[in-house]
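The values are calculated or read from the model by the stated rules, or taken from the named source; none is laboratory data. Not measured: the values here are computed from a predicted model. With ideal geometry, Cβ positions are generated from the backbone for all residues, glycine too; neighbour counts draw on all protein chains shown.
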Amino acid sequence: MELPEVETLLRELAQQIRPRLTPDSVLVGMHTGGVWVAEKLREQLGVKTPLGTLDISFYRDDFGRRGLHPEVKPSRIPFEVEGRHIILVDDVLKTGRSIRAAMNDLFDFGRPASIQLAVLVDRGERELPISAQFVGVHLNVDGHQDICLNRTESGQLSLSLDDAKGRL
């Protein structure tokens, strides 16, 4: 399967988001791929507020099975969450469990006016009633494959398919 170019998907996302931005809108990326996407979107959209970042490791409902990710990063929200319009950004939406964890993390910082979800790729297979308001592309891939966002040292983003068999 040929995967789309990330730059094309980013332009599509920015076009969808731009008309819905308000002066109170802020971008929050989920580590790691969602942060990379949010950085690019922030630049394309000209958002002046600093980017928020979330590491949901401690909020995952499978924390007991998976254990702690070896590279836990702190969540960083450099703005007041209370009353803000949050655009939560992730790279790939699948089951919805990571998004649920991210919302739990966000509410620890305050009560936003709204949370909208932007994802580069929506691959379906939901286990929770969560949907994205902004989607770069909908892709169907075999259940044993993961769609991965990769970043080069120069910051170039690309998508790849990886075999997920044997992983939790």
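Within the range 6-37, restricting attention to residues that are touching a Ser or Thr at 6+ places or on another chain (Cβ under 8 Å) and outside any strand (DSSP E or B), which residue is nearest to ASN104 (Cα to Cα)?
HIS31
Of everything in the range 121-139, what is under 23 Å from GLN15 (Cα atoms) and either part of a strand (DSSP E or B) or at pLDDT below 95 (or both)? Give them in sequence order.
VAL121, ASP122, GLY124, PHE134, VAL135, GLY136, VAL137, HIS138, listed by residue number.
Could we say that THR53 is modelled with pLDDT under 95, closer than 19 Å to ALA132 by Cα and under 17 Å from the mean Cα position of the chain (by Cα) here?
No.
Go through ALA113, ALA118 for me and flag whichever is at pLDDT 95 or above, within 12 Å of the chain's Cα centre (by Cα) and small (Gly, Ala, Ser).
ALA118
Output the number of residues of the range 70-108 satisfying the condition of being part of a helix (DSSP H, G or I) and either β-branched (Val, Ile, Thr) or crowded, with 16+ Cβ neighbours inside 10 Å (or both).
So the answer is 9.
When only residues in the range 69-91 that are charged (D, E, K, R) and at pLDDT 90 or above count, which is farthest from LYS48 (Cα to Cα)?
Result: ASP91.
Table: residues versus (1) out of contact with any Lys or Arg (no Cβ under 9 Å at 6 or more places or on another chain); (2) surrounded by fewer than 14 Cβ atoms within 10 Å (Cβ to Cβ).
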| site | (1), (2) |
| --- | --- |
| GLU5 | yes, yes |
| GLU12 | yes, no |
| MET30 | yes, no |
| LYS40 | yes, no |
| GLU43 | yes, yes |
| THR53 | no, no |
| SER57 | no, no |
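Taking the options ASP146, ASP162, name whichever one is under 16 Å from GLY34 (Cα atoms), in contact with a strand residue (DSSP E or B) (Cβ under 7 Å, 6 or more places away or on another chain), acidic (Asp, Glu) and part of a strand (DSSP E or B).
So the residue among ASP146, ASP162 that is under 16 Å from GLY34 (Cα atoms), in contact with a strand residue (DSSP E or B) (Cβ under 7 Å, 6 or more places away or on another chain), acidic (Asp, Glu) and part of a strand (DSSP E or B) is ASP146.
What are the residues in the range 140-165 that are among the hydrophobic types (A, V, I, L, M, F, W, C) and over 16 Å from the mean Cα position of the chain (by Cα), if any?
The answer is VAL141, LEU161, ALA164.
Restrict the check to the range 24-40 and report whether at least one residue is of a type in the set (Val, Ile, Thr), at pLDDT 95 or above and more than 11 Å from the chain's Cα centre (by Cα).
So far as the range 24-40 goes, yes, one or more of its residues are of a type in the set (Val, Ile, Thr), at pLDDT 95 or above and more than 11 Å from the chain's Cα centre (by Cα).
Among what's in the range 56-68 and is assigned to a loop (DSSP other than H, G, I, E, B) and over 17 Å from ILE115 (Cα atoms), pick the residue that is modelled with the highest pLDDT.
Step by step, filter the range 56-68, then rank; the result is ASP61.
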